[in-house]
């Protein structure tokens, strides 16, 4: 039985950084950037939780934790409230809240603070997810879908908030740190899901699945050192996707469905990953246009990126029935999958909300 994605909302922080300024600043740490002719086009615009000058200054774990907690709470509250409003619901209507973030660590978890901000019930079920990295947003949607299979009629709120800008280290001259600075941006996304039989038509989640690629545990992730998180981004990831992704998706979808996909909503990982996904799945060049557009306008917002792509999809899909794939990639290497279906209605596009630059604040699956 499918679940219905009742609403999607996204938000970005206040501080916008254009690609030219970003490259000029980063060239202080990596002079070779000045010689890359296509670097500015590859970076695009980014949004940051703090002014760039503040992010470039070294700070310890205590200061990083305070900054994460402040900005993550603000962004998550903003985007969740917007998703609830678009779904026509209040916080007290939510039965399960799934919160996702890999760029900070707080105990009690972020959802405890959001409970008061959003008016969640004291008996709301809570599932905080930290270690799934960029794939966490798609995985959380899958968890929400499975919950609704067991408890039809309930409502689930999924929230992802990421602040990768807080992981910059001026003394880290590694290629991993440089790559992270080029591709990642801060942002948040949220979605409200309900049982398809109890909701209007629109974007539906038919099935979800997860696949862990053997022997790839060291390719993606974070090292937690004395001065904070240090990103791990192995250059072999595109080769892993070229080798394994096609077979994984073919196994997930029914026979022949891969060739008949109308859309692919991939989390906005970056140009090299887009190219690998297109080749592995034998997609036409325009198949990932929405994901590429998201990357150009807000960057890779890690687990939140899928919500920016879904929001674009829901605003632009139109009134034609369509069948598609949702894709998230993260540490493990884990491949998170959603089979999606667009069921048109007069209300669906309006309910999704048009994707502006973003609100700002200050195996087989089931």
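Values in this text are rule-based calculations from the coordinates and carry no lab data. Note that the coordinates shown come from a computational prediction; the quantities given were computed from them, not determined experimentally. Ideal geometry is used to build each Cβ from the backbone, glycine not excepted, and the neighbour counts take in all protein chains shown.
Based on the Kirkwood radius over alpha-carbon pairs, what value in µm²/s does the Stokes-Einstein equation return for the translational diffusion coefficient of segment 155-228 at 37 °C and 0.692 mPa s? Present the calculation step by step, with values, prior to reporting the outcome.
Values: Rh = 16.4 Å.
Rounded, D is 200 µm²/s.
Could you tell me what a quarter of the Cα convex hull surface of segment 3-198 works out to, in nm² with one decimal place?
Details: hull surface 45.9 nm².
Its Cα hull, projected and averaged over all orientations, spans 11.5 nm².
Provide the gained length on full extension for the span residue 250 to residue 1, in nm with one decimal, where the gain is 0.36 nm per separating residue minus the Cα-Cα distance.
Details: separation 249, 0.36 × 249 = 89.64 nm, distance 2.08 nm.
So the extension gain works out to 87.6 nm.
Counting DSSP beta bridges in the chain, what percent are antiparallel, to the nearest 5?
Values: 46 of 62 bridges.
Beta bridges within the chain, antiparallel portion: roughly 75 percent.
Rounded, prolate or oblate: which fits the chain, taking a ≥ b ≥ c as square roots of the Cα gyration tensor eigenvalues, rounded meaning a/c under 1.5, else prolate when a/b beats b/c? Please report the intermediate quantities before stating the final value.
On the way: a/c = 1.62, a/b = 1.23, b/c = 1.32.
Verdict is oblate for the chain.
Please report 1, 206 as a ranked list, fewest other C-beta atoms within 10 angstrom at the top and most at the bottom. It would help to have the intermediate numbers written out before the result.
Working: 1 13, 206 17.
Ranked by crowding around the Cβ, least crowded first: 1, 206.
Treat each spin label as a single point 7 Å out from the Cα along the C-beta direction, and report the residue 316 to residue 131 distance in nm.
Result: 3.7 nm between the two label points.
Roughly how many Å is it from the Cα centre of segment 227-281 to that of segment 44-117, as a whole number?
Between the Cα centre of segment 227-281 and that of segment 44-117, the gap is 27 Å.
Sorting 340, 157, 245 on the 10 Å Cβ count, fewest up front, what's the list? Intermediate values should be presented prior to the final figure.
Details: 340 26, 157 29, 245 23.
So the ranking, lowest neighbour count to highest, is 245, 340, 157.
If you scale each eigenvalue of the Cα gyration tensor by 5 and take the root, what three semi-axes come out for segment 223-303, rounded to whole angstrom and sorted largest first?
On the way: eigenvalues 143, 53, 23 Å².
They are 27, 16, 11 Å, listed from largest to smallest.
What whole-number volume per residue, in cubic angstrom, does the convex hull of the C-alpha atoms of segment 80-172 give? Provide the component values of the computation, followed by the final result.
Values: hull volume 10.1 nm³, N = 93.
It is 109 Å³ per residue.
Listing 303, 3 from the residue with the fewest other Cβ atoms within 10 Å to the one with the most, what is the order? Working shown, then result.
Details: 303 33, 3 28.
Going from sparsest to densest Cβ surroundings: 3, 303.
Per q in 0.14, 0.16, 0.17 Å⁻¹, report the Debye log10 I(q)/I(0) for segment 154-312, using one uniform scatterer on each alpha carbon and no solvent.
Rounded to two decimals, the profile gives -0.84, -1.08, -1.20.
Report the FRET efficiency, 1/(1 + (r/R0)^6), for residue 56 and residue 235, where r is their Cβ-Cβ distance and R0 is 35 Å, rounded to 0.05. Display every interim value, and only then the final one.
Details: r = 25 Å, r/R0 = 0.72.
Plugging the Cβ-Cβ distance into 1/(1 + (r/R0)^6) gives 0.85.
For residue 175 and residue 296, what does the FRET efficiency come to when R0 = 30 Å and r is the distance between their Cβ atoms, rounded to the nearest 0.05? Please report the intermediate quantities before stating the final value.
Working: r = 22 Å, r/R0 = 0.74.
Calculated transfer efficiency: 0.85.
Using a 7 Å offset from the Cα along the Cα-to-Cβ direction at both residue 69 and residue 282, what is the distance between the two label points in nm, to one decimal?
So the label points at residue 69 and residue 282 sit 5.3 nm apart.
Give the relative contact order (percent, whole number) for segment 203-345; include only Cα pairs under 8 Å separated by 6+ residues. Before the final figure, lay out each step's value.
Values: 240 pairs, mean separation 52.7, N = 143.
Here the relative contact order equals 37 percent.
How much length is gained if the chain between residue 218 and residue 109 is pulled fully straight, taking 0.36 nm per residue apart and subtracting their Cα-Cα distance, in nm to one decimal? Mind dumping the intermediate values first?
Details: separation 109, 0.36 × 109 = 39.24 nm, distance 2.62 nm.
That works out to 36.6 nm of additional length.
How do 70-80, 9-19, 304-314 rank on mean C-beta neighbours within 10 Å, highest first? Numbers along the way, then the final one.
Numbers: 70-80: 23.9, 9-19: 22.0, 304-314: 28.6.
Ranked from most to least packed, the peptides come out as 304-314, 70-80, 9-19.
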